[in-house]
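Visitor: Supplied in structure tokens, the structure appears directly below.
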Amino acid sequence: KKFKNIVNIKAEFTKLFKRCRGALLALYIIEVCVSVSIIGFIFILPEVIAAKNYEQYWQHGGAHMLYVLGSSLIIIPAGHYSDKTSQKMVIFLSLIGSIALFYIFLVFPKMHLALFIPLMITLGGAMGICNPVGVALGNRLVPGQVSLVSALLMGFAWGVASFASFLVGYLSKKFDDPVKALYFLGISMFIALILIIFIPGRQKVHEFESVI
């Protein structure tokens, strides 16, 4: 019985990818790449804050609080906007914003709080948008498999990306610098940005919905 269930699950995944002609696979890889950046960034953030000589309260959760606050504030309006316009465009803009803010944070030394606080909030918002909007887009590509698509783009993507904490720790030790480790880890967002070309636009998504 267990073997039969495994075969059925495999068949469902195969059916999904055939239906969407690779779009769902590209979306999954994008979610993994963004999750790698998020997990690695949060994991090594206290060390980066310390390396930049910020006060201890920013090292001990303050910076992370700003990051999470930004994600919480921006996700809902971004989701509403994506429903009104194009989810692909929102994901594209979130990746552009994430890359720009991510490397601004890394390049510049200790910032004045008037710059540091809004930067951390907007960075959290930009990086946090991709996952929920990506899940919504995946469910539009395959509307008949909501639970399976959500599990693939959320749980499975984050599970695969969980190695990022080990990777960024290893890179930090190898370079003897947590900031350099994040420079390298940020490559995953560039990969996600390239893969966005394989995601269908708004009109094509409507065609998928009508066929499925």
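The values are calculated or read from the model by the stated rules, or taken from the named source; none is laboratory data. Note that the structure is predicted; figures quoted are calculated from it, not measured. Ideal geometry is used to build each Cβ from the backbone, glycine not excepted, and the neighbour counts take in all protein chains shown. Calculation scope for accessible area: heavy atoms of the full protein, side chains included, ligands and nucleic acids excluded. Shrake-Rupley method; radii C 1.70, N 1.55, O 1.52, S 1.80 Å.
Visitor: So which residues in segment 159-179 are open to solvent by 40 Å² or more (accessible area, probe 1.4 Å), closer than 22 Å to GLU31 by Cα and of a type outside the set (S, T, N, Q)?
Guide: If the condition is that a residue be open to solvent by 40 Å² or more (accessible area, probe 1.4 Å), closer than 22 Å to GLU31 by Cα and of a type outside the set (S, T, N, Q), then GLY159, VAL160, PHE163, PHE166, LEU167 are the ones that fit.
Visitor: Please name all residue pairs, on different chains or six or more residues apart, with Cβ atoms under 9 Å, provided the first residue is in segment 14-33 and is closer than 24 Å to PHE190 by Cβ and modelled with pLDDT of 70 or more and the second residue is open to solvent by less than 10 Å² (accessible area, probe 1.4 Å) and outside any helix (DSSP H, G or I).
Guide: Listed by first residue and then by second, the contacts come to ALA23/ILE199; LEU24/VAL142; ALA26/ILE199; LEU27/ILE199; ILE30/ILE199.
Visitor: Got a sec? Which of LEU148, LEU182 is closer than 16 Å to PHE41 by Cα and either touching a Lys or Arg at 6+ places or on another chain (Cβ under 8 Å) or open to solvent by less than 80 Å² (accessible area, probe 1.4 Å) (or both)?
Guide: LEU182
Visitor: Output the residue which, of all residues in segment 38-95 that are surrounded by fewer than 21 Cβ atoms within 10 Å (Cβ to Cβ) and of a type in the set (Lys, Arg), is modelled with the lowest pLDDT.
Guide: Per the criteria, the residue is LYS84.
Visitor: Can I ask one more? Between residues in segment 165-182 that are farther than 23 Å from VAL32 by Cβ and residues that are among the small types (Gly, Ala, Ser), which pairs lie under 9 Å by C-beta distance while being six or more apart or on different chains?
Guide: Pairs found: LYS173/ALA181; PHE175/ALA181; ASP177/ALA51; VAL179/ALA51; VAL179/SER172.
Visitor: Assess whether LEU45 counts as being part of a helix (DSSP H, G or I), among the aliphatic types (A, V, I, L, M), out of contact with any Cys (no Cβ under 9 Å at 6 or more places or on another chain) and under 16 Å from PHE105 (Cβ atoms).
Guide: Yes, satisfied.
Yes/no per residue for (1) at pLDDT 90 or above; (2) of a type in the set (Ser, Thr, Tyr); (3) part of a loop (DSSP other than H, G, I, E, B):
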{"position": "GLY128", "(1), (2), (3)": "yes, no, no"}
{"position": "ASN139", "(1), (2), (3)": "no, no, no"}
{"position": "GLY155", "(1), (2), (3)": "no, no, no"}
{"position": "GLY159", "(1), (2), (3)": "no, no, no"}
{"position": "PRO200", "(1), (2), (3)": "no, no, yes"}
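Visitor: Quick one: how many residues across segment 96-131 are crowded, with 19+ Cβ neighbours inside 10 Å and of a type in the set (Phe, Trp, Tyr)?
Guide: So the answer is 3.
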